[in-house]
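Quick notes on the structure that follows.
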Amino acid sequence: GAVVSQHPSWVICKSGTSVKIECRSLDFQATTMFWYRQFPKQSLMLMATSNEGSKATYEQGVEKDKFLINHASLTLSTLTVTSAHPEDSSFYICSAIQGQPQHFGDGTRLSIL
Amino acid sequence: GENVEQHPSTLSVQEGDSAVIKCTYSDSASNYFPWYKQELGKRPQLIIDIRSNVGEKKDQRIAVTLNKTAKHFSLHITETQPEDSAVYFCAASPQAGNMLTFGGGTRLMVKP
């Protein structure tokens with residue numbers, strides 16, 4: 001079945017650091033990928049829709065200059081959290097589709113000290 | 001935009017009993033409704049989904065029902081087992097390949 005790989009799985013870093021998270025579709029080409037954020041004991045909130053070869057579409061309230069998304073190929077999307085602060089600490093999950101239900105990556109737990 | 005409400009937020013049942021989780025949605029254009037199971041610290045996993053052209057779908061102990069007129073859909077788990085304990089999310093989308101709007105989640109606890 002469809003496999004989505006997300007890396008890294010866990011990041012701990014100091015405030016002010018920029019962190020890059022990768023999302024790869026391993027056995028299919030994904031024209032669209034989604035990035036979600038999930039705070040503890042809460043639901044998944046869509047941050048942005050990443051389309052291969054074009055700019056990402058951000059949801060209301062998500063700062064595009066802080067959460068940089070790049071979808072340079074049909075199998076890779078990256079999310080960069082720039083100048084991360086403690087309030088950015090969360091579980092970030094990507095998903096990928098290609099004419100089928102969404103399949104999620106394993107998620108990245110980001111902890112900003 | 002779409003708004004999905006999910007109830008209850010927590011559900012505790014005895015092993016072997018049935019569990020029912022209900023969701024309502026607001027956008028009549030939504031026609032794809034998946035259910036995901038998420039264990040602590042792990043990815044959401046699709047367990048069943050339904051499209052608007054059917055009213056019910058079953059897969060072994062799991063079933064989903066959809067009432068498009070009332071804009072609500074439900075997840076039914078029969079003969080619950082301790083390994084069913086997890087957080088369950090419903091979601092709605094205009095079609096299978098589009099963005100999902102998730103419900104708030106239900107923490108299901110199955111007591112042995």
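General remarks:
- Listed by position, the strands (runs of 3 or more DSSP E) enclosed by the stretch A:36-95 that each have at least 3 residues that are within 14 Å of chain B (Cβ to nearest Cβ) are A:45-51.
- Extreme residue, surrounded by the fewest Cβ atoms within 10 Å (Cβ to Cβ), among residues of the stretch A:76-110 that are in contact with a Leu (Cβ under 8 Å, 6 or more places away or on another chain) and of a type in the set (A, V, I, L, M, F, W, C): A:Phe91
Residue by residue, here is whether (1) more than 21 Å from B:Phe89 (Cβ to Cβ); (2) within 9 Å of the chain's Cα centre (by Cα) holds:
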| residue | (1), (2) |
| --- | --- |
| A:Met45 | no, no |
| A:Ala48 | no, yes |
| A:Lys66 | yes, no |
| A:Glu87 | yes, no |
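- Subset of the stretch A:78-111 (residues that are in contact with a Lys or Arg (Cβ under 8 Å, 6 or more places away or on another chain) and of a type in the set (Gly, Ala, Ser)): A:Ser83, A:Ser90, A:Gly105, A:Gly107
- Subset of the stretch B:66-112 that is facing chain A (nearest Cβ under 10 Å) and more than 16 Å from the chain's Cα centre (by Cα) - its residue that is modelled with the lowest pLDDT: B:Gly97
- Scanning the stretch B:20-36 for residues that are away from chain A (no Cβ under 11 Å) and surrounded by fewer than 20 Cβ atoms within 10 Å (Cβ to Cβ) yields a count of 8.
Conditions tested, residue by residue: (1) over 21 Å from A:Ser111 (Cα atoms); (2) of a type in the set (Phe, Trp, Tyr).
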site: A:Pro8; (1), (2): no, no
site: A:Lys14; (1), (2): no, no
site: A:Ala30; (1), (2): yes, no
site: A:Trp35; (1), (2): no, yes
site: A:Leu46; (1), (2): no, no
site: A:Glu63; (1), (2): no, no
site: A:Phe67; (1), (2): no, yes
site: A:Leu74; (1), (2): yes, no
site: A:Thr78; (1), (2): no, no
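- Selection within the stretch A:17-57 - of a type in the set (Phe, Trp, Tyr) and buried (at least 17 other Cβ atoms within 10 Å of the Cβ): A:Phe28, A:Phe34, A:Trp35, A:Tyr36
The values are calculated or read from the model by the stated rules, or taken from the named source; none is laboratory data. Note that the structure is a prediction, hence the values are computed from the model and not measured. Cβ coordinates were reconstructed from backbone atoms using ideal geometry, including for glycine residues, and neighbour counts include every protein chain displayed.
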